[in-house]
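Below is one structure, written out as structure tokens; comments come after it.
Taken together, the values in this text are just the output of simple stated rules run on the coordinates, not laboratory data. These figures come from a predicted structure and were not determined experimentally.
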Amino acid sequence: MCKNIVKLKIRFAMALHLLKKRLNGWLTDLTTDGKKTRIVKVMVWRITSIFLTLTITAVMTGDVAKATGFTLILHFVLTLGHWLFETQWEKYIA
């Protein structure tokens with residue numbers, strides 16, 4: 001189980017490094033634009049929350065494959081729910 005967690009940490013670190021490398025030029029241009037900065041912040045949070053969910057689920061179940069499937073489904077549903085919430089909020093509240 002510990003080996004799986006180490007593998008997950010390595011994959012997460014590699015994914016963050018790749019994301020930073022690909023977005024580096026774009027990120028430096030975002031310091032004055034609040035909307036774009038918010039998008040980047042949301043993307044980084046989503047990656048972080050996926051990693052946390054995957055790690056906790058893998059530790060609890062002891063099965064990385066099941067944890068991965070659960071994590072992907074859960075975050076798809078949560079992202080869809082968040083989008084629907086934001087859409088309705090803008091329509092009826094804001």
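Remark: for residue pairs LYS20/LYS41; LYS9/LYS66; LYS20/LYS66; LYS21/LYS41; LYS3/LYS66, the C-alpha separation exceeds 23 Å in LYS20/LYS66. Once you order the gyration tensor axes a ≥ b ≥ c over the Cα atoms, which shape class does the stretch 54-94 get: rounded for a/c under 1.5, otherwise prolate or oblate by comparing a/b with b/c? Prolate, because a/c is 1.5 or more and a/b exceeds b/c.
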